[in-house]
Amino acid sequence: MSTAKSPDLARERVALPPLGTGPFRRRLHAVALIATLGGLLFGYDTGVINGALEPMKEDLGLTAFTEGVVTSSLLFAAAVGAMISGRISDALGRRKTIIGLAVLFLLGALTCVFAPGFGVMVLGRVILGLAVGGASTIVPVYLAELAPYEIRGSLAGRNELMIVIGQLAAFVINAIIGNVWGDHDGVWRYMLAVAALPAICLMVGMVTVPESPRWLISKGRVEEATEVLSTIRSRQRARAEVDMITEIAEMEKNRVKGSWSSIRDSRWVRRIVLVGIGLGVFQQLTGINAIMYYGQSVLKDAGFESKAALIANIAPGVIAVIGSAVALWLAQHMNRRTTLLIGYSLTTLFHFLIGIASVVLPEGNSWRPWALLVLIVAFVGSMQTFLNVATWVLLSEIFPLQIRGLAIGISVFCLWIANAFLGLFFPTIVEAVGITGTFFMFGVIGLFAILFVYTQAPETRGRTLEEVEDDVTTGAIYTHHLRAKTDA
């Protein structure tokens, strides 16, 4: 099979009219805002447990293990949701799938709020997990398929920004409710109830937005795709893009079938799926979500009082939002590989520094809580600036259209499984080896992540999804990009 780049594709890319400005740009940004409410819910529902867990433990009589079950039940369900939703979205469409996820977000939130005991709480968290996993898979794909290649990185990356905004909102709301109504019975129910509001907004908003034009073309609905693109592009640009997408979609049908057999039969497709799995798993093994789920507990172990830890926990949330905003700029101006390599280098450095600080500053030292807080904030800032947006954008870009939902579903399934096991066992690990051993462990894993990205991650910035697809299915993406020098 040839590894040469399609000459027809190269000509089409040159022939695309300039993106330009106009009301269609405002429409595109409005559609993206509505879709990323799924990311906001993702962030809030994963972050709210951080402050709700302490009062919930007393009310529901949770042990150390059942505390981990409540936290990780959402995460294991998210892995299933990621896998199922990818296939559903390939069959029914991205828009209908996101509407269904909004219903699950609302149902799960209400189940958790009114849970009388541990069993129903786990059921509610499982429902939320299915929605969170689905949103983590489908929203980035939907945004990437709507976006023009010139701004695809920043547009698809907005979902990650909304995720950390959701987490920050959870931390702030937890701190306010915990400090104002902390003595009320069932105060954690107030924290969980807030998630119902954005779920309703997502459900209503998605009714008003269009289907993914690339999905429509994959189903042979070319005229509908042209009409959709004409609402978010100039008419001339829309026609040119539809022609290009249609041509490549027809060509790739002979190379890639929309099923598991494509992964089994094509070594290049199989390889890019394995790369996607690696990107997802290594992102989780930085331990970022352990901080997001158990940040209050970590800060209490560092030496903060309970209510002070709730307030101090806002700091990582704030830096996460700032870092993600910067990451949107980086997505347009820095190569994906460069961004990932810088990110893993910094997070690995801060892992080792946190471990060293916890040794040098023993428990009881007045500097210990503040030093660890600063280092944790620096770690979160590095993660959100260089890793999270770049990882999710790359996952939304690297898979062929015919199996995009399936392939990203597999990758995100593995991401959530890694996340779930970390969420389940993090309290046990900290109890067994302390903060010191835990962060040294993350640091060692970070060294392997740097090696993986350097040797395996492809480059996609500044290229249409169809160009990337053409190179993936022929293997050219490895010969052209994988071994190339990484440019800033």
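The values are calculated or read from the model by the stated rules, or taken from the named source; none is laboratory data. The structure displayed is predicted, hence computed values, not measured ones. Note that each Cβ is placed from the backbone with ideal geometry, even for glycine, and that neighbours are counted across all protein chains shown. For accessibility, only protein heavy atoms count, side chains too; no ligands or nucleic acids. Shrake-Rupley method; radii C 1.70, N 1.55, O 1.52, S 1.80 Å.
A few notes on this one:
- Shape call, segment 352-455: gyration tensor on alpha carbons, a/c limit 1.5: prolate
- Whole-angstrom Cα spans of segment 385-425 along principal axes, big to small: 37, 26, 7
- What the chain shows is 36 Å² of accessible area per residue, with the surface traced by a 1.4 Å probe over protein heavy atoms.
- Count of lysine pairs in the chain with Cα separation under 30 Å (8 or more residues apart, or interchain): 11
- Inverse of mean 1/r across different Cα pairs in segment 87-230, Kirkwood, Å: 16.9
- Taking only protein heavy atoms and a 1.4 Å probe, the accessible area of segment 316-467 is 77% carbon and sulfur.
- For Thr464, nonlocal amide neighbours, meaning residues 5 or more places apart or on other chains whose placed amide H falls under 5 Å from its own, do not occur.
- Loop-resident sites, segment 102-136, for chymotrypsin sites (Phe, Trp or Tyr not before Pro), counting at most 15 other Cβ within 10 Å (DSSP): Phe114
- Cα gyration tensor category, rounded, prolate or oblate, for segment 40-112 with a/c compared to 1.5: prolate
- Radius of gyration and Dmax over the Cα atoms of segment 9-155, both given in Å: 19.0, 65
- Whole-Hz ³J(HN,Hα) from phi, Karplus 6.51 cos²θ - 1.76 cosθ + 1.60, for segment 266-279, glycine and proline x: 10, 5, 6, 5, 4, 5, 5, 5, 5, 4, x, 4, x, 4
- Size of segment 76-130 as Cα extents on the principal axes (Å, biggest first): 37, 19, 9
- Here the scattering of segment 310-366 is modelled by Debye summation over its C-alpha atoms, one equal scatterer each and no solvent; at q = 0.12, 0.19, 0.20 Å⁻¹ the log10 of I(q)/I(0) is -0.45, -0.88, -0.93.
- Bins of 20 Å, starting at 0 and running to the largest distance - Cα pair percent for the chain: 25, 56, 18, 1
- Here segment 146-188 has 61 percent of its accessible surface on carbon and sulfur atoms, given a 1.4 Å probe and all protein chains in place.
- Per-residue SASA entry for Trp215, accessible area with 1.4 Å probe, Å² rounded to 10: 10
- Helix 336-360 vs. the chain, principal-axis angle (Cα, 0 to 90°, nearest 10): 10
- Each eigenvalue of the Cα gyration tensor of segment 290-400, multiplied by 5 and square-rooted, gives one semi-axis; in descending order these are 30, 14, 11 Å.
- In Hz, Karplus ³J(HN,Hα) per residue of segment 73-83 (6.51, -1.76, 1.60; θ = phi - 60°; x = Gly, Pro): 4, 4, 6, 5, 5, 5, 4, 5, x, 4, 5
- Note on the chain: with charges restricted to the Cβ of Lys and Arg (+1) and Asp and Glu (-1), its dipole about the Cα centre is near 1060 debye.
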